[in-house]
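S.K.: Got a structure for you, written out below as structure tokens; questions coming shortly.
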Amino acid sequence: MYGGHLRERGGAATIAALVRLLEPLDFAAPAVRTAVSRTVRQGWLHPVRLADGPGYAMTPRAERRLDEAAARIYRTRPSTWDGRWHVLVLEELPGRESRERLASSLQLLGYGALGPVTWIAPRPSPELADVLAAEGVAASTFHGGHEGDDGELAARAWDLAALGRDYAGFVAEWAPVMSGVDGTAAPESFAASQRLLHAWRKFLFRDPGLPLELLPADWPGTAAAAFFDRHTGRLAPAVERFVDDCLDKSARNESTA
């Protein structure tokens, strides 16, 4: 919600607005409040006083994470690649729990594992230092070219065959769902768009955004991205109306309270 809609509207909202926004997704007010409290504890949101009343805004850490995620979700980053990999070498492996958290975070940032301590990505992530510091892990990083087939190296670091099958499955699963949403009813359009986004963003944990020259021919991810863009754009007018209306009603309710 914050990344998709509130980031471009100042990055903050009241609880009343959040409750209204999440109602079409079947989240009750207590669940919204619980989620906000948990997100505050995790360091992604912080309480603020807004003109409409008490609310919550994104922390700088959340802004960095959401901006990075948005660039990959909507593929706004330049697609050029200079043939070099960003290489990360951990100085030592942390404990099991920390290692699992670190692996999950690195995958989200677009890194793939070549071994227990060696990871590669097609580009460096601005969040890498924060992720390493959070787990207390020291590492060396550098750019380097691979003396061999870069496509084969990519296939070692990421399971591209499985990823391609899942991209095709994404389109097959969501095509009938989205065809049933005509974009006239704002709440329905918002809910469908958010559910589609939630399903699509799961690929962030698996797809590093490799350049086309490193991907298999007829890459299914291309068609899946076009499908996501088409329906997101088609529903955007109704979604924007719904979000603006929820925020506006929250402000009006506060002003008359």
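S.K.: Rank by packing, highest mean first: peptides 58-64, 79-85, with packing defined as the count of other Cβ atoms within 10 Å averaged across residues.
M.R.: Ranking the peptides 58-64, 79-85 by packing returns 58-64, 79-85.
S.K.: Continuing with this model, one more query. With a probe of 1.4 Å, find how much accessible area the chain has per residue, and write the answer as a whole number in Å².
M.R.: Ligands and nucleic acids excluded, the result is 52 Å² per residue.
S.K.: With Cβ to Cβ distances under 12 Å as the rule, what net charge do the other residues near A133 carry (K, R +1; D, E -1)? Provide the component values of the computation, followed by the final result.
M.R.: On the way: positive: R61; negative: E127, D130, E135.
That sum, taken over residues with Cβ under 12 Å, equals -2.
S.K.: With n ≥ 4 as the cut-off for DSSP H runs, can you work out [θ] at 222 nm for the chain, using -39500 (n - 2.57) per run divided by the number of residues, rounded to the nearest 500?
M.R.: Computed mean residue ellipticity for the chain: -17500 deg cm²/dmol.
S.K.: Can I ask one more? Under 10 Å, Cα contacts only: if you run a Gaussian network model on the chain, which one of S125, S189, S140 comes out with the highest mean-square fluctuation?
M.R.: Fluctuation is largest for S140.
S.K.: Largest first and in whole Å, give the semi-axes of segment 1-67's equivalent ellipsoid, each being the square root of 5 times a Cα gyration tensor eigenvalue.
M.R.: Computed over segment 1-67, the values are 17, 13, 13 Å.
S.K.: Based on the alpha-carbon gyration tensor of segment 31-157, what equivalent-ellipsoid semi-axes (square roots of 5 times the eigenvalues) come out, in whole Å, largest first? Intermediate results must be reported in sequence, preceding the final value.
M.R.: On the way: eigenvalues 214, 69, 26 Å².
Working through the eigenvalues yields semi-axes of 33, 19, 11 Å.
S.K.: Give the long-range amide H neighbours of W85: residues separated by 5 or more places, or on another chain, with amide H under 5 Å away, using H modelled in the peptide plane at 1.01 Å from N.
M.R.: Counting only residues 5 or more places away or on other chains, the set is G144, G145, H146.
S.K.: Along Cα→Cβ, 7 Å out, is where each label goes; now give me the distance between the ones at L212 and A185 in nm to one decimal.
M.R.: 3.9 nm
S.K.: Using a 1.4 Å probe over the heavy atoms of the protein chains, calculate the carbon and sulfur portion of the accessible area of the chain as a whole percent. Write down the numbers at each step before the final one.
M.R.: On the way: 7230 of 13360 Å².
C and S fraction of accessible area: 54 percent.
The values are calculated or read from the model by the stated rules, or taken from the named source; none is laboratory data. Note that this is a predicted model, so its numbers are computed, not measured. Please note: Cβ atoms are built from the backbone with ideal geometry, for glycine as well, and neighbour counts cover all protein chains shown. Surface areas here come from the heavy atoms of the whole protein model, side chains and all, with no ligands, DNA or RNA. Shrake-Rupley method; radii C 1.70, N 1.55, O 1.52, S 1.80 Å.
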